[in-house]
Every structure is written in C-alpha cells, then in structure tokens.
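Have a look at the structure below before the remarks.
Read the figures in this text as sums done on the coordinates, not as results from a lab. Small disclaimer: the values here were computed from a predicted structure and weren't measured. FYI the Cβ positions are ideal-geometry reconstructions off the backbone, even for glycines, and counts take in every protein chain you see.
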Amino acid sequence: GENVEQHPSTLSVQEGDSAVIKCTYSDSASNYFPWYKQELGKGPQLIIDIRSNVGEKKDQRIAVTLNKTAKHFSLHITETQPEDSAVYFCAASRRSNYQLIWGAGTKLIIKP
Amino acid sequence: EAGVAQSPRYKIIEKRQSVAFWCNPISGHATLYWYQQILGQGPKLLIQFQNNGVVDDSQLPKDRFSAERLKGVDSTLKIQPAKLEDSAVYLCASSWTGGQGNEKLFFGSGTQLSVL
C-alpha cells in the first residue's frame with residue numbers, strides 16, 4: 001500500500017547549525033506534501049507545505065524541497081534555535097481522496 | 001480565533017471498560033477528523049466527517065469504536081470495550097473547505113488514553 005518513510009528518527013544538532021529531515025513516498029500520484037511540528041503535549045501544527053508543481057518553497061528559516069522523479073522531499077531548518085526542538089512529521093496526500101499518509105516522525109534535539 | 005477543543009486531556013481506564021472523547025472544531029470548519037497516535041508513530045486516521053456525514057471510516061475498528069458528529073459541529077468518539085492496544089493519544093482535527101482539496105489541518109491537544 002501507500003507508504004511514507006521518514007529519516008532519521010532522531011536528529012541532534014548544535015544550536016545555530018542546520019537540520020535536514022528526509023521523506024520518501026511510494027505513490028507517484030501524490031501531489032501535496034505538508035510538514036507538521038508537534039511539541040510535547042500538543043497536537044501537530046502545520047509549518048510548511050509544498051505542492052507537486054513546485055520544486056522548492058521557503059519561509060524564513062524553513063524550506064522544503066521536492067524531487068518528484070525520485071519521490072522524495074526534505075525539510076531544511078537553518079540557524080536552529082532551542083524552540084525548534086520538537087517532533088517533525090512529513091506527510092503525502094493521495095490525489096484520489098486527499099487523505100494524508102504520515103511518516104513516523106523525527107525527534108529534533110537542539111543542543112545549546 | 002479559538003482552536004480545536006478536546007476533552008478530557010487524560011483518561012485512565014481498565015480493559016473492557018468504555019470511554020468517550022469529545023471534540024469541538026474551529027467554528028465554520030466543515031471537515032472533522034479523529035486520529036489515533038501511538039507513542040513513537042505518526043497519526044493514523046480513524047474517521048473523517050464532512051459536516052455530519054462520514055467521508056472515510058475505513059480504518060475505524062467498528063466492532064469497538066464508534067463516532068458521531070451531531071449537527072455537523074461537535075463530535076464524540078467512543079471505545080467499548082477498550083483493549084490494552086487502544087492506549088494512545090486521540091487527536092481531533094478540523095479543516096475549512098470540506099475536504100474538497102489539500103488543506104491545512106488544525107489539531108487539538110489530544111486526549112491521552114491509558115488502558116490498564
């Protein structure tokens with residue numbers, strides 16, 4: 001069935017450095033790829049998304065890139081700050097019914 | 001604007017007991033979702049409503065789980081009887097355009113269920 005794989009499961013970076021999280025999807029018809037941030041005790045919150053007609057999107061320190069040929073997309077966070085510590089989820093949307101298929105999550109730890 | 005409200009925040013029950021969770025979505029949002037999130041995993045969709053109709057309940061264990069959305073606003077998710085493997089966070093989310101396209105989901109803080 002449709003699947004989204006996310007790596008790494010845990011990522012520890014020094015404050016101020018960059019962090020990259022990668023996801024691979026199986027359904028070539030997927031056309032929408034959101035990234036959600038989940039802080040402890042809270043529900044996921046959308047931080048950035050990209051559609052299949054775009055290769056890259058930026059929002060301040062956050063960027064997402066999409067490679068449709070390879071069926072993978074990545075989240076890039078630059079100049080990391082302590083408040084970036086959280087679990088990040090990628091997802092891919094089925095074209096047929098818009099249902100999101102979620103990755104397993106990446107726990108990002110920012111070391112002071 | 002007010003966010004998605006969920007209650008209770010925590011619930012501890014014994015196996016074979018029943019439990020209910022409540023969700024109030026953002027005002028005006030046509031679509032409401034219930035997700036199950038097991039520790040260390042991504043959210044898994046249980047059921048999706050558009051207004052008061054069910055759009056997708058293919059992953060809802062219907063022998064023990066039920067959900068309703070009265071008048072297309074609030075929703076209740078029930079488990080009866082509960083099993084140990086139901087221990088998880090139950091997240092409610094809502095979205096604006098009625099599930100007719102890819103759109104931002106707004107999540108509540110969830111209900112953490114522990115089944116002993």
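Residue-by-condition table, conditions (1) surrounded by 17 or more Cβ atoms within 10 Å (Cβ to Cβ); (2) touching a Pro at 6+ places or on another chain (Cβ under 8 Å); (3) closer than 21 Å to A:SER96 by Cα:
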position: B:GLN6; (1), (2), (3): yes, no, no
position: B:PHE21; (1), (2), (3): yes, yes, no
position: B:ASN24; (1), (2), (3): yes, no, no
position: B:HIS29; (1), (2), (3): yes, no, no
position: B:ILE47; (1), (2), (3): yes, no, yes
position: B:VAL54; (1), (2), (3): no, no, yes
position: B:TYR90; (1), (2), (3): yes, no, no
Query raised in the report: Is it the case that some residue within the stretch A:84-91 is within 14 Å of chain B (Cβ to nearest Cβ), small (Gly, Ala, Ser) and closer than 12 Å to A:TYR32 by Cβ?
Result: yes
Query raised in the report: Among B:LYS62, B:LYS15, B:LYS71, which is in contact with a Pro (Cβ under 9 Å, 6 or more places away or on another chain) and not in a strand (DSSP E or B)?
Result: B:LYS15
**Report entry** Failed item, numbered, when B:VAL89 is tested on (1) free of Cβ contacts under 8 Å to residues at least 24 places away in the same chain; (2) facing chain A (nearest Cβ under 9 Å); (3) under 13 Å from the mean Cα position of the chain (by Cα)
**Finding:** (1)
Report summary line: Result of the Cβ filter at 9 Å on the stretch A:44-55, keeping first residues that are more than 10 Å from chain B (Cβ to nearest Cβ) and partners that are loosely packed, with under 13 Cβ neighbours inside 10 Å and of a type in the set (S, T, N, Q), at least 6 apart or interchain, is A:GLY55/A:ASN67
Query raised in the report: For A:TYR36, all conditions in the list (1) surrounded by fewer than 15 Cβ atoms within 10 Å (Cβ to Cβ); (2) within 11 Å of chain B (Cβ to nearest Cβ) hold save one; what is the number of the exception?
Result: (1)
